[in-house]
Amino acid sequence: MRNTNNIILETAVKVLLFFIALYSVYIFTAGHYYPGGGFIGGLMTAGAIVLLLITYDIKTVVGILPVNFRILTAIGLLFAIGTSAGSLIFDAPFLTHAFGDVHLPILGDLSLHTATLFDLGVYFVVVGVTMTIIQTIGEDE
Amino acid sequence: MSLLHLAIVAPLILSIFIPIFNRIFRRIHTGWFVLPLPILLFVYFLTFLPETMSGKLVSKMINWIPSLGINFTAKVDGLGLLFSLLITGIGALVVLYSIYYLAKNKEMLNNFYVYLLLFMGAMLGVVLSDNLIVMYAFWELTSFSSFLLIGYWYERDKSRYGAQKSMLITVFGGLAMLGGIILLYIMTGTFSFTEIMSQANEIFNHTLFVPALLCILLGAFTKSAQFPFYIWLPDAMEAPTPVSAYLHSATMVKAGIYLVARFTPVFGEHFLWLWLVAGVGVLTMIWGSVFAVKQTDLKAILAFSTVSQLGLIMSLLGVGAAALHYEFLDENIYTVAVTAAIFHLINHATFKGSLFMAAGIVDHETGTRDIRKLGGLMHFMPITFTISIIGAFSMAGLPPFNGFLSKEMFFTAMVHVTEMDIFNLETLGILFPVLAWIASIFTFIYSMILVFQTFTGKYKPEKLDKKPHEAPMGLLISPIILVSLVIIFGFFPNLLSDSLISPAMASILPSLLGAGEEFKVHISFWHGPTIELFMTLGVIILGLVLYKTHARWKKIYKGIPEKLALNRFYDFLLEGLQSASYKVTNTYMNGSIRSYLVYIFAFLIVILAATLFGKNAFTVSTSNVSSIGVYEVALAILVVLGSICILFAKSRMTSIILLGAVGYTVSLFYVLFRAPDLALTQLVIETISVALFLVCFYHLPKLRKFETRMRFKLMNALISVGVGAIVTLIALSAHSSKLFDSISRYYVENTYTEAAGKNMVNVILVDFRGFDTLFEITVLAIASLGIFGMIKLRLNRRNEG
Amino acid sequence: MEIVMAFVIGILFMTATYLMLSKSLLRIIVGTGLLSHGAHLLILTMGGLKRGAAPILGGNAESYTDPLPQALILTAIVISFGVTAFFLVLAYRAYQELGTDNVEEMRGTQKDD
């Protein structure tokens, strides 16, 4: 990928990136109640990294984020399958999810879902896949 | 899973471990690991003898697909036990023989033994399954393993040719048999043989009865190499000799005979059954024996002789079916045909097995099987000579060997045909004994050729590759055991009569037996000066004369075209099929993506339009439409404009931007249509897609339009307008006619109670329809790995060379 | 609105088909992109449009739009992204190896002709 060397873009990205990343995490966690979820969150995170890629070059991005995205994909798949298979231990059909409410001292009432773990798998897979695609194409010159 | 089931699948299980044994114990011949199993199974099946002798059945069932009536029912009766003992007994001897026959270091032993065990398990499955579908599955497995074994030396053209031929013919028959089984199912409503048999009388006049009969017989005839399907058997001789001895003479080719015997209680009373089984059998017998005389290859002689002997057994079973028409047991003269069939089945396995092994020894020790090169080996290989002469004399029907006894009974049965007064047999019946007698003369001649051309006469060392010497003891054990059986059964035939023959007959002709009755079988040497004795004497005298003069009259065969007409027909058919299908495929599979897409779209239009208007499904109703707002109209115009503009875009950048514009507009549509998740996803995806397109297009050439001809454009336009129109019509109809209530009410009601979520779309994705999502991310992962592989793995010619 | 959408979808399918029938790989890929848009809108329209509030509980809505088509489309969007990416890279690699992006020239020649 070409180094665009664009001062305005570089400066703007430094600020924007955190907002996008934060928002993507928010949108992922909110997914069960409000629009969002693993797909959108993952895509948005990937979008943030793509923005970084467009602004800087691939080597810089690999330096900032030394993640093997193929392994991230695998981890995501494991999460999804693991959460789905977890219900088998409790003699429930594959993919049965559980949820419960927990009261934590500072954060207040929390609703915890195993479905969120599944969604986290989706999130990882989406980020991993998108970034694998973009990175491999970008690296190929 | 009972012990009986385990016994059937034990060879299959062992076959999994063979490669491991072969790898770990390189110094030990893999055959030694295989050998204990058939011996063990043989002993195990012997324990069933008391049960079947007292007329009892042993039946064990495992549910497999109960909803379709398919259960793995293993049933041991007289017939099944006889075959099981043959399979495991001969199997053990063949494995022992193969250990010395196949060199440890040169051959692919693990392949060989895996295939052999596969066959053994499959064959046991065929003869012990009561459920016809299970039987069919095992039946095809025997065809496959036979294919693999014939093609064992796959680097030889002839092996591959023979393997393919046997596969095509036997699998064709197998499919016909499956058709027959399904027809039986339609008539009786069950796949269980026992139940079908109990309904035999009710289905006799069913219109499907005759087609089912023909289909089953087709399966039996192809497998047992009956005329005109026998052509695969001579070519199957390309297999290693142990395989020929095992599959292609003793067991697999007898599966067809088993099938005929098995189905005699169902079909036996029909005149077609008698005529076809007996007629084809006699024809095969005479055809095989006549052509066996012509052969010069030891194994080819044995192959044609096997064809002929299989015909003999088949014809006996056909004649034996006549017993069903004479419902009095005591003086029923036709049961002798069935007795003879079973007796000869056993005898054939013993003498033909030993002859094959002897032929293998000759091949092994001299390097050739061509009888024109062989001669005078008697002095070098006295033991092999003894084995061969006993086997051949038994095959020729000479006393005191077991072949003599069954041949005598065969003549008895054939002579009885002339006394039948059903199905026009009173006039044509005379043909049976005459043809049988002629075939026996030829059998005598080729038996003599087999032994005396090889072992007597002039020794021709200059034509042999090696100096012949007697085979090692290991190779000789198995044929010696078999010829001892030939002699033992010859002198004490009644060892078999009560233990094996009578129970097997009870399975073939159950309707003749009352409760607690059994067939009285007594085989005796001397019948007095009967017609059979004179027939045998005639065979010997005429056979001797013809053998002595055969060098002179053998020229007649030259008058027949060198290639057998049937083989030529097979080759012609195969090549014709191949070239015809090649041509047909080439006319429409021309390698152009566009043509394929044109087919797809054209079919889409035709099929959807036909359904839409054929079923009167096209309706337009405006009663239940939602309101049209300004924004929606604007967006609709944008989408339409954008997509049409792409058609005329001159540069790649324009088309990407237009595609992006359409995508973003669609995401705005999602906003208006109250789908916030979709809108978000579409927005982000569109952004990433555009980035992706840009990155990729950077590498790709400029957009060029290749299509210039007006006709080409017009065709494309026509098809695309058609697709657009049909989709519009479907969208309209789908909206206007709601056949069912929406199922989404369930999701709306249960999202909070069942999954404790509020965003229904997300809950559906991760919870209610989690499987979809699971597989979707798997697909995504595969796609990304595919992309990674395409770019990073460069296994092309440039890098290799 | 559904009637209007039916025509919009028809036009999307039409242009997509026309692009896919052309000989340039790039146009084929753009065509598949349009086709997936058309298919998504088709699924959405078939379920009925604007039949209530967005499918998110709370907010005291009396009825909601059909959430099932939306879930299906969400899956389809992401899948079509993966497939498009795959197709793009396939086209790119084919161009690298074969030196052409004209599908008619990619047919190759049969050896035994």
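The values are calculated or read from the model by the stated rules, or taken from the named source; none is laboratory data. Please read these numbers as outputs of a predicted model, since none were measured by experiment. Please note: Cβ atoms are built from the backbone with ideal geometry, for glycine as well, and neighbour counts cover all protein chains shown. What goes into the accessible areas is simple: the full protein's heavy atoms, side chains included, and nothing from ligands, DNA or RNA. Shrake-Rupley method; radii C 1.70, N 1.55, O 1.52, S 1.80 Å.
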Within the stretch B:353-360, can one find any residue that is in contact with a Leu (Cβ under 6 Å, 6 or more places away or on another chain) and surrounded by fewer than 24 Cβ atoms within 10 Å (Cβ to Cβ)?
no
Quick one: is B:Thr52 open to solvent by less than 30 Å² (accessible area, probe 1.4 Å) and either in the same structural domain as B:Val521 (by TED's automatic domain parsing) or over 24 Å from B:Glu518 (Cβ atoms) (or both)?
no
Checked pairs for the stretch B:60-71, first among the charged types (D, E, K, R), second at pLDDT below 80, C-beta under 9 Å and 6 or more apart or across chains, list as B:Lys60/B:Met1
Give me the residue from the stretch C:58-113 that is open to solvent by 40 Å² or more (accessible area, probe 1.4 Å) and at pLDDT 85 or above and, out of that set, farthest from the other protein chains (Cβ to nearest Cβ).
C:Phe87
Any residue in the stretch B:707-717 that is charged (D, E, K, R) and not in a helix (DSSP H, G or I)?
yes
The stretch C:11-37: number of residues that are facing chain B (nearest Cβ under 7 Å), in contact (Cβ under 8 Å) with a residue 24 or more places away in the chain and over 22 Å from C:Thr100 (Cα atoms)
3
Which ones in the stretch B:26-45 are part of a helix (DSSP H, G or I) and touching a helix residue (DSSP H, G or I) at 6+ places or on another chain (Cβ under 7 Å)?
B:Gly31, B:Trp32, B:Phe33, B:Val34, B:Leu37, B:Pro38, B:Ile39, B:Leu41, B:Phe42, B:Tyr44, B:Phe45
Subset of the stretch B:724-733, residues at the interface with chain C (Cβ under 7 Å from one of its Cβ atoms) and open to solvent by 30 Å² or more (accessible area, probe 1.4 Å), comes to B:Ala725
Among the residues of the stretch B:738-756 satisfying the criterion of being hydroxyl-bearing (Ser, Thr, Tyr) and more than 30 Å from B:Ser623 (Cα to Cα), which is surrounded by the most Cβ atoms within 10 Å (Cβ to Cβ)?
B:Thr751
Only unsatisfied item for B:Leu405, checking (1) closer than 16 Å to B:Asn347 by Cβ; (2) open to solvent by 10 Å² or more (accessible area, probe 1.4 Å), is (2)
Answer yes if at least one residue in the stretch B:423-438 is assigned by TED's automatic domain parsing to the domain that holds B:Leu355, over 38 Å from the mean Cα position of the chain (by Cα), within 30 Å of B:His270 (Cβ to Cβ) and of a type in the set (S, T, N, Q), and no otherwise.
yes
Please work out if C:Ile11 is open to solvent by 20 Å² or more (accessible area, probe 1.4 Å) and over 11 Å from the mean Cα position of the chain (by Cα).
yes
Within the stretch A:62-82, how many residues turn out to be surrounded by 20 or more Cβ atoms within 10 Å (Cβ to Cβ) and more than 9 Å from chain B (Cβ to nearest Cβ)?
1
Log entry, pairs with first residue in the stretch B:675-693 being within 7 Å of another protein chain (Cβ to nearest Cβ), second being at pLDDT below 85 and open to solvent by 10 Å² or more (accessible area, probe 1.4 Å), beta carbons closer than 8 Å, six or more apart or on different chains, reads B:Ala675/C:Ala54; B:Pro676/A:Pro35; B:Pro676/C:Ala54; B:Pro676/C:Ile56; B:Asp677/A:Pro35; B:Leu680/A:Pro35; B:Ala691/A:Ile54
Look at the stretch B:267-296 and say how many of its residues are in contact with a Phe, Trp or Tyr (Cβ under 7 Å, 6 or more places away or on another chain) and within 24 Å of B:Leu546 (Cα to Cα).
12
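Residue-by-condition table, conditions (1) buried (at least 20 other Cβ atoms within 10 Å of the Cβ); (2) in contact with a strand residue (DSSP E or B) (Cβ under 9 Å, 6 or more places away or on another chain); (3) modelled with pLDDT of 85 or more:
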position	(1), (2), (3)
B:Ser478	yes, no, yes
B:Phe491	no, no, yes
B:Phe519	yes, no, no
B:Phe525	no, no, no
B:Leu533	no, no, no
Please verify whether the stretch B:134-154 includes one or more residues that are farther than 16 Å from B:Met252 by Cα, modelled with pLDDT of 90 or more and part of a helix (DSSP H, G or I).
yes
Taking the condition outside any helix (DSSP H, G or I) and among the small types (Gly, Ala, Ser), does B:Ala225 pass?
yes
Has the stretch B:757-774 got at least one residue that is open to solvent by less than 30 Å² (accessible area, probe 1.4 Å), under 30 Å from C:Ser63 (Cα atoms), modelled with pLDDT under 85 and not in a helix (DSSP H, G or I)?
yes
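Residue by residue, here is whether (1) more than 26 Å from B:Gly256 (Cα to Cα); (2) among the hydroxyl-bearing types (Ser, Thr, Tyr) holds:
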site	(1), (2)
B:Leu3	yes, no
B:Val9	no, no
B:Asn22	yes, no
B:Leu49	no, no
B:Asn63	yes, no
B:Thr73	no, yes
B:Leu79	no, no
What's the number of the only condition in (1) touching a His at 6+ places or on another chain (Cβ under 7 Å); (2) of a type outside the set (A, V, I, L, M, F, W, C); (3) part of a helix (DSSP H, G or I) that A:Gly76 fails to meet?
(1)
Got a number for residues in the stretch B:364-400 being out of contact with any strand residue (DSSP E or B) (no Cβ under 8 Å at 6 or more places or on another chain) and open to solvent by 30 Å² or more (accessible area, probe 1.4 Å)?
15
Any residue at all in the stretch B:416-433 that is modelled with pLDDT of 85 or more and open to solvent by less than 10 Å² (accessible area, probe 1.4 Å)?
no
Failed item in (1) in a helix (DSSP H, G or I); (2) open to solvent by 10 Å² or more (accessible area, probe 1.4 Å), with B:His348 passing the rest:
(2)
Residues of the stretch B:597-636 being facing chain C (nearest Cβ under 9 Å), open to solvent by 40 Å² or more (accessible area, probe 1.4 Å) and not in a loop (DSSP other than H, G, I, E, B), in sequence order, are B:Val633
